[in-house]
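To keep things clear, I will list the structure first and then write my remarks on it.
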Amino acid sequence: MRAGLGILAVAIILTAAPVGIGFAHGPGSMGGGAGPAAGSASSTPADMAKAAYNSGVRSIKKAQESESDAAKASNPQKSAKALDRAHEYYSKALEQFIDAVSQQPNMYQAWNYIGFANRHLGSYDAALSAYAKALELNPAYPEAIEYRGEAYLGLNKIDAAKEAYMTLFRESRGLADELMAAMRRWTEARRADAQGLAPEDVEAFSKWVDERAESPRKPPRLPSARGRRGNNRQQGRCRRRLKFARISSSCWHA
């Protein structure tokens, strides 16, 4: 239910969000001094937005800690309990980031986290809308591109995920590697449960991922020994021709 309310709130805010301000780039809490307490008489919309954003970041961290606890749990019951706790924190974070953009609609980091929280709650379409808004406000925001790529995978939009990867490969190699890791996890998950995809499409995507993983690591191709001997003979002929001032056009290839 909370996720459904989050989708509705995102849709409403998207219709009224202006473009303009910029905050600290990338995930993490926002600084800038203590300032007036959120909700006090002297609080400005920017102060309240920053306070809500920082609260949301703390909730995201608690959600991720709960996910980590679930992965390390000694039995399925403890794992399920930790995952329920993570879901609660993601829902809380979503509400806090929505509060942030309601106060400061051009806070692109909060839009990015609205997408992040929605994605972890399984609301992929709402996540894509939020990432689109973050990138509208700041097109050069690679974190939103990477998160959006993972949302595309959640919706099995593999061509769009490939495009996101290629953009990151050019602009942010570290985030490209993160998306690559998500692509490998997606491949293993779809091999176990294709979700309506053709097995050959899953394998074709896996092959593409493997090729992309290898391409930046391949050393430059060197001439063969035979080719080097041929080049040396050609250079020797050119030097002799230059000595007698009889330069043929083939010498310019030396």
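The values are calculated or read from the model by the stated rules, or taken from the named source; none is laboratory data. Quantities reported herein were computed from a predicted structural model and do not represent experimental measurements. Glycine also receives a Cβ, built like all others from the backbone with ideal geometry; neighbour counts cover every protein chain displayed.
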Discussion item. I'd like the full set of residues that are of a type in the set (Ser, Thr, Tyr) and either in contact (Cβ under 8 Å) with a residue 60 or more places away in the chain or surrounded by 18 or more Cβ atoms within 10 Å (Cβ to Cβ) (or both), limited to segment 56-105.
Written reply: SER59, SER66, TYR89, TYR90, SER91, SER102
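One line per residue, one yes/no per condition, for (1) closer than 30 Å to ALA204 by Cα; (2) assigned by TED's automatic domain parsing to the domain that holds MET183; (3) in contact with a Lys or Arg (Cβ under 7 Å, 6 or more places away or on another chain):
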site: SER68; (1), (2), (3): no, no, no
site: TYR89; (1), (2), (3): no, no, yes
site: LYS92; (1), (2), (3): no, no, no
site: GLN104; (1), (2), (3): no, no, no
site: PHE116; (1), (2), (3): yes, no, no
site: SER123; (1), (2), (3): yes, no, no
site: ALA127; (1), (2), (3): yes, no, yes
site: LEU135; (1), (2), (3): yes, no, no
Worksheet, complete the sentence: Picked from segment 170-184 (must be among the acidic types (Asp, Glu) and either touching a residue at least 24 places away in the same chain (Cβ under 8 Å) or outside any helix (DSSP H, G or I) (or both)), the residue nearest to LEU153 (Cα to Cα) is GLU178
Worksheet item: In segment 132-148, what count of residues is obtained for those that are under 15 Å from LEU168 (Cα atoms) and in a helix (DSSP H, G or I)?
Response: 8
